[in-house]
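To start, the structure under review is shown below, and the notes come after it.
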Amino acid sequence: MKRLTLLKSFLWVALLSCFSSVVFADTYPVVSGYQYSASPIRSTPVSACSDVGLGGYPLVFRWNPSSNKAYQRTNQNCMTPWAENTPNDERAWTQINSVNSCPSGGTVSGANCINATPCVSPQVRSPSSPYACTSPPVVACPSGQYAPPGSTSTAACVASPNCNNTSPTDGKFFNVNTGQCEVSTNITLCITSVPGSNPTNFYCPPVNDCLPVAQSCTNNAADVQAATNARSAEIAAIKANADAKKSQADTEAATAASAQSAKVNLKAAALSAQNSAKAQSDSVAANTGSTPSQILAAAQNYADAVKDYTAAFAKSANSLLAAVAAQTAAADAMIHTDAIPSANPGNGQVYGDMVNDDLIKAIIAAGDAVTGLGSGTGTGQGASAGTCEQTNTCPDSLGLAKDTTLGATNGKLDGIANALKKDTAAFSDTPTVRTIGDSVELVSAKFKSKLPTVIFSDVAPECPIFTEFIPFINVNLTIDAFCTMDDLIRPTLQAVSLFIYALLAFLIVLRA
């Protein structure tokens, strides 16, 4: 029983093997050729005769259908002539054979080659000699398309899928040969013009470029060739545009530097004018023959000079910062221009966008350097930029004169206080023409107790708040911004307070 089972198994295996060989064996036409002796089979008698060589004769054997020996011509033999100048005068001959062969495998059986190893998909057997297994013809689809497996013409081309439209990944592309998405490990990272943000482009290996997510990345020959053809022109255009903007940024930086230098000179001139106005104000106040209107005019002139210097100081400080910002922007423009790659237009465009941003920063910074109303990032940034002290548009809240403000006085009225406090002779109760010193003496004797005393400290442990009711004009005076004032503002407040008291005293005297 066991022997019978084994015999059946053997017969099945043999049958399957035979069936497999019959089913999978390939057949194709024999290939006719020519052969000299044991030399390789040649496709023509000319090449077969060349295998003979000299054959012991002075001249090589050759195929010559014009030989003067009809027998040799009929039997396809090679000949050697007596001389080269008589090529048809045959001296000797040798025979070549006409043979059939199977150059792509299998055995000769009549006019066919049988039992040849079949071609493995996607290869197919060529319809012409030597009937080898070859890949199917490549269908050259237009840009953005591919031919599904088995396609033989462009009529079968369809749109290539976008492998990155849902999950962009550097190195992912659609392989038109395999008909599927693949990922290359040899990639170039795509950059972004916004630090810390994700790039909006992804790297496409077949075209060696960073492409937008919406653009399909394939190894379609038309896409690759188009990218290759356009690459140089695209990079050149990006580079030329970046170079022009870099040059403009350099110009803006130079403008900012020149403006900053001018602001330094203006500050020095304003300081000199302030010192001159201060000296004039002190001189007028110290002159006992000066009238109140003269004193006030000199004080106002000094107030304007202080205001101008305060503005010039702030503008100079802002202009310096703005000039540095413009120089930094120009330097960044040069770095980003030099970083533009020679073979990746996508990344090149991102660097070009960076250069454009650098130019915008340089333009803004240069504008701030020229006006002094910003520190490099736009008007309104920096040291008191854009305030009425710099633009001379503050309201006349104290009624002293046009465009006079608390922030502009800066100690300019101490000459009035000194003049009003001069110790002169007392005057009688009968109203007469009095000197300013007489008026102050009257205030000191009759109203001293009604005037509050204010003491300014150069250093305070905390931010003070000054609040005082002025009974003579029925006004509450509150100042609570000491911590935001610099050293230029502190003496301003002192002067304003002294002026207020002096003015009140003067009004009291006039009413007396």
Handout entry: Residue in the stretch 131-150 that is of a type outside the set (Lys, Arg), under 30 Å from CYS78 (Cβ atoms) and in contact with a Pro (Cβ under 9 Å, 6 or more places away or on another chain) present
Key = yes
Exercise for the section: Restrict the check to the stretch 291-302 and report whether at least one residue is free of Cβ contacts under 8 Å to residues at least 40 places away in the same chain and assigned to a loop (DSSP other than H, G, I, E, B). Expected result: yes
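Looking only at the stretch 302-345, count every residue that is among the basic types (Lys, Arg) and touching an Asp or Glu at 6+ places or on another chain (Cβ under 9 Å) and tell me the total.
Within the stretch 302-345, the subset among the basic types (Lys, Arg) is 307, 315.
Now narrow it down to the ones that are touching an Asp or Glu at 6+ places or on another chain (Cβ under 9 Å): 307.
Number of matching residues: 1.
For the stretch 182-195, which positions are open to solvent by less than 70 Å² (accessible area, probe 1.4 Å) and farther than 17 Å from ASN347 by Cβ? Quick ask: steps written out before the conclusion?
Residues of the stretch 182-195 that are open to solvent by less than 70 Å² (accessible area, probe 1.4 Å), as a first pass: 182, 184, 187-188, 190-193.
If the condition is that a residue be open to solvent by less than 70 Å² (accessible area, probe 1.4 Å) and farther than 17 Å from ASN347 by Cβ, then GLU182 is the only one that fits.
I'd like to check something: does the stretch 66-75 contain any residue that is part of a loop (DSSP other than H, G, I, E, B), open to solvent by 80 Å² or more (accessible area, probe 1.4 Å), under 30 Å from CYS163 (Cβ atoms) and not β-branched (Val, Ile, Thr)? Reasoning before the result, please.
So in the stretch 66-75, the residues part of a loop (DSSP other than H, G, I, E, B) come out as 66-69, 75.
Filter again for open to solvent by 80 Å² or more (accessible area, probe 1.4 Å), leaving 68-69.
Then drop every residue that is not under 30 Å from CYS163 (Cβ atoms), which leaves none.
No, every residue in the stretch 66-75 fails to be part of a loop (DSSP other than H, G, I, E, B), open to solvent by 80 Å² or more (accessible area, probe 1.4 Å), under 30 Å from CYS163 (Cβ atoms) and not β-branched (Val, Ile, Thr).
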Fill in the blank from the handout: Considering the stretch 251-290, residues that are outside any helix (DSSP H, G or I) and without any contact (Cβ under 8 Å) to a residue 12 or more places away in the chain, and then whichever is least open to solvent (accessible area, probe 1.4 Å), we arrive at GLY289
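Taking into account only those residues within the stretch 28-45 that are among the polar types (S, T, N, Q) and outside any strand (DSSP E or B), which is nearest to TRP93 (Cα to Cα)?
So the first thing to find is which residues in the stretch 28-45 are among the polar types (S, T, N, Q), and the list is 32, 35, 37, 39, 43-44.
Then keep just the ones that are outside any strand (DSSP E or B); that gives 37, 39, 43-44.
Numbers: SER37: 14, SER39: 17, SER43: 20, THR44: 17 Å.
Across the stretch 28-45, the extreme among qualifying residues is SER37.
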Fill in the blank from the handout: Over the stretch 144-164, the set of residues open to solvent by less than 60 Å² (accessible area, probe 1.4 Å) and in a loop (DSSP other than H, G, I, E, B) is GLY144, ALA147, PRO148, SER151, SER153, CYS157, SER160, PRO161, ASN162, CYS163, ASN164
Practice task
State yes or no: is GLY179 more than 29 Å from THR337 (Cα to Cα), among the small types (Gly, Ala, Ser) and either at pLDDT 90 or above or open to solvent by less than 40 Å² (accessible area, probe 1.4 Å) (or both)?
Solution key: yes
Handout entry: Any chance ALA242 is assigned to a helix (DSSP H, G or I), out of contact with any strand residue (DSSP E or B) (no Cβ under 7 Å at 6 or more places or on another chain), open to solvent by less than 40 Å² (accessible area, probe 1.4 Å) and on the phi < 0 side of the Ramachandran plot
Key = yes
Practice task
Would you check if PRO136 is part of a loop (DSSP other than H, G, I, E, B), touching a residue at least 12 places away in the same chain (Cβ under 8 Å) and open to solvent by less than 80 Å² (accessible area, probe 1.4 Å)?
Solution key: yes
Exercise for the section: Show the residue pairs that are 6+ apart or on different chains and have beta-carbon atoms under 7 Å apart, the first residue being within the stretch 158-182 and closer than 18 Å to ASN198 by Cα, the second being part of a loop (DSSP other than H, G, I, E, B) and hydroxyl-bearing (Ser, Thr, Tyr). Expected result: GLY171/SER184; GLY171/THR185
Fill in the blank from the handout: Taking the stretch 312-353 and keeping residues free of Cβ contacts under 8 Å to residues at least 12 places away in the same chain and either over 30 Å from LEU266 (Cβ atoms) or not in a helix (DSSP H, G or I) (or both) leaves ILE335, ASP338
Practice task
Give the residue that is farthest from PRO103 (Cα to Cα), with candidates limited to residues of the stretch 23-65 that are open to solvent by less than 50 Å² (accessible area, probe 1.4 Å) and among the aliphatic types (A, V, I, L, M).
Solution key: LEU59
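The values are calculated or read from the model by the stated rules, or taken from the named source; none is laboratory data. All figures in this text were calculated on a predicted structure; none of them were measured in a lab. Here Cβ is always computed from backbone atoms with ideal geometry, including for glycine, and neighbour counts include all displayed protein chains. Quick note on the areas: whole protein, heavy atoms, side chains included, nothing else; ligands and nucleic acids left out. Shrake-Rupley method; radii C 1.70, N 1.55, O 1.52, S 1.80 Å.
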